[in-house]
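Working notes, beginning with the structure itself.
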Amino acid sequence: MSSRLAEDAEILSVVDARDRVVGERRRDDVHRLGLCHRAVHVLVFDFLGRLFLQQRGLHKFEHPGLWDSSVAGHVDAGETYDACCLREVREEVGLQLSDIPERLFKLEASRVTGMEFCWVYRVVTDQPLEPDLAEMESGQWFTQEEVQSWVEHGADQLTGVFILIWLTYCRRRLSRLRPPAGERVDY
């Protein structure tokens, strides 16, 4: 069975506007009908602070050839977000994680996310990645400055959901660096 046919035959949980499971459908039906469903995105950083991005496979129905999160995938019916995260990281970049990575934030289902509720995770590793080139066209490490510049000046090469994830990640990271209102900071 081709990779595309296997993807279409995946069974996903259909969820309501509050991310509660209300049924199951084939992946192709979920996307064709615009039903809410679940996904994970993982940002994989190395110890130099670089971010690995994947270029989506040209065979993909959604956003072929665009650059996306390090790892991204649908949560299968009956699967948890955390279990999906571990599975997708293993399948897409060959990392065998023993613990659930840091959960950063959850995106609400919207047109930008493809009607997916998305939990975003963060992995920092010194292990070599083994990208699954049957799943992705390529993958590459980028400095955070390069990613930011790309978001600002080359957004047409990036998926909309990755741009949303990156901007949310940066905003949250900056808010953690700011002291609470009224708190004195000595520099």
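Residue pairs whose Cβ atoms lie under 9 Å apart, sitting 6 or more positions apart in sequence or on different chains, and linking a residue in segment 20-39 that is surrounded by fewer than 20 Cβ atoms within 10 Å (Cβ to Cβ) to a partner that is of a type in the set (D, E, K, R) and assigned to a strand (DSSP E or B), are Val21/Arg38; Leu33/Arg25; Leu35/Arg25. You will find that of Leu58, Leu51, Leu43, the residue that is at pLDDT 95 or above and more than 10 Å from the chain's Cα centre (by Cα) is Leu51 and no other.
The residue pairs whose first member lies in segment 114-138 and is touching a residue at least 12 places away in the same chain (Cβ under 8 Å) and over 20 Å from His31 (Cα atoms), whose second member is part of a loop (DSSP other than H, G, I, E, B) and among the hydroxyl-bearing types (Ser, Thr, Tyr), and whose beta carbons are closer than 8 Å, counting only pairs six or more residues apart or on different chains, are Val120/Ser69; Val123/Ser70.
Do any strands (runs of 3 or more DSSP E) lying entirely in segment 86-169 carry at least 2 residues that are of a type in the set (Gly, Ala, Ser), and which ones are they? Correct list: 136-142. Among the criteria (1) crowded, with 17+ Cβ neighbours inside 10 Å; (2) closer than 24 Å to Val21 by Cβ; (3) β-branched (Val, Ile, Thr), the one Val147 does not fulfil is (2). Taken together, Gly78, Gly57 contain a single residue that is touching a residue at least 60 places away in the same chain (Cβ under 8 Å) and surrounded by fewer than 16 Cβ atoms within 10 Å (Cβ to Cβ), which is Gly78.
Residues are listed down the side, and each one gets a yes or a no for (1) under 19 Å from Arg56 (Cα atoms); (2) among the hydrophobic types (A, V, I, L, M, F, W, C); (3) at pLDDT below 95:
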residue: Glu108; (1), (2), (3): no, no, no
residue: Pro131; (1), (2), (3): yes, no, no
residue: Glu146; (1), (2), (3): yes, no, no
residue: Leu164; (1), (2), (3): yes, yes, no
residue: Leu174; (1), (2), (3): no, yes, yes
residue: Ala181; (1), (2), (3): no, yes, yes
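The values are calculated or read from the model by the stated rules, or taken from the named source; none is laboratory data. This is a predicted model, so every value here is computed, not measured. A quick note on method: Cβ atoms are made from the backbone with ideal geometry, for glycine too, and the neighbour counts reach across all protein chains shown.
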